[in-house]
1. How do F238, F227 stack up against each other in accessible area, from largest to smallest, with a 1.4 angstrom probe?
2. Work out the FRET efficiency for N258 and Y167 from their Cβ-Cβ distance, taking R0 = 30 Å, and round it to the nearest 0.05.
3. What whole number of Å gives the distance from the Cα centroid of the stretch 193-207 to the Cα centroid of the stretch 211-250?
4. Enumerate by residue number the GluC sites (Glu not before Pro) in the stretch 172-228 meeting two conditions: DSSP loop (anything except H, G, I, E, B), and at most 16 other Cβ atoms within 10 Å of the site's Cβ.
5. Probe radius 1.4 Å, ligands and nucleic acids left out: which of I117, I59 has the largest accessible area, and how do the rest follow?
6. For the stretch 60-66, in order, what is each residue's ³J(HN,Hα) by Karplus, 6.51 cos²θ - 1.76 cosθ + 1.60 with θ = phi - 60°, in whole Hz (x at glycine and Pro)?
7. Please get the size of the charge dipole for the chain, origin at its Cα centre, with Cβ charges of +1 on Lys and Arg and -1 on Asp and Glu, quoted in debye to the nearest 20.
8. How large a share of the accessible area of the chain, in percent, is made up of carbon and sulfur atoms when the probe is 1.4 Å and the other protein chains stay in place?
Amino acid sequence: MNSIFKAFIKCVVIAPLLSSTLLSSQISVAADTMPAVVQTEQALHQQWQALVSQHVKPINHGSSSAVDYAAMQQQRTQLQSYLKQLSSISQTQFDAWDKASQLAFLINAYNAWTVEIILTKYPDIESIKDLGGLFSSPWDKSVIPLLGKNRSLNDIEHKLIRGSDRYNDPRIHFAVNCASIGCPALLEEAYTGTKLEQQLDAQTKRFLADTSRNYAKGDTVYLSAIFKWYGDDFTQGFAGADSVEAFLLLYPNALQLNAEQQAAAKKQQLDIDFLDYNWSLNAVR
């Protein structure tokens, strides 16, 4: 009877307890693992977040930003530490991320490396173009160890982002920053996959609302040269837009288009002129 009673206790009492304990353990592991993905991305970009939040200043009523390169120079060790962290990410790790986290990583890499490249000559530099030569471009220098290869800024923007057919989002042109006054604002925080949609939307509205770069007057809209250089990117169906005019109509309030201008844009009868691009360094003045 004792052996039968012991077997009964194991089956009825102990087994469910063990099962419950195992299930609780599995739930606990899952709960710990899920936020770890977010925490890992935040940790990866933490140093860049600290740098830009301190040393990128909003200007022109918040429509643009300027960089305190002197302060960045003083914390260049921290910047270089961040760049090493980016370089430590393998292609396999990168490919395992969702598209938003991938794109945020590439935008941050482009922007952070642009600052580092500026700092190689700062303060003896008035424009990023000063870093090029008669037959060379600062954007073509393969000095960036990223995803297992030495790459250039052009590689990041035109091959990994635009040329991959993976992202197809023209709003990246308002996120990558070429260290020039004519560029869209360098964001005062790091891009992350969890906030990317919100960040790209806000940066697009911010750029279009900057009347020193884009504005409408009468039957003409005056746009940044970005829309000329990368016009095709705005015709690839993002949010249903198949033309530059259709893309602008996604943000009529930012560009302050009145009813007549919106109607003309819908009929593609709104004249477009492109403004000169200011290549002067986007430094705090």
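The values are calculated or read from the model by the stated rules, or taken from the named source; none is laboratory data. Being a predicted model, the structure only gives us computed values, none of them experimental. Using ideal geometry, Cβ is built from the backbone for each residue, glycine included, and neighbour counts are taken over all protein chains shown. Each accessible area value is taken on the protein alone, full model and side chains, heavy atoms only, with ligands, DNA and RNA left out. Shrake-Rupley method; radii C 1.70, N 1.55, O 1.52, S 1.80 Å.
1. Values: F238 45, F227 5 Å².
Output order, biggest surface exposure first: F238, F227.
2. Working: r = 33 Å, r/R0 = 1.09.
For R0 = 30 Å, the calculated efficiency reads 0.35.
3. That distance is 17 Å.
4. Answer in residue order: E188, E189.
5. Per-residue accessible area, sorted high to low, gives I59, I117.
6. These are the phi-based 3J(HN,Hα) values: 6, 6, x, 6, 9, 8, 10 Hz.
7. Result for the chain is approximately 840 debye, rounded to the nearest 20.
8. So the carbon and sulfur contribution to the accessible surface is 53 percent.
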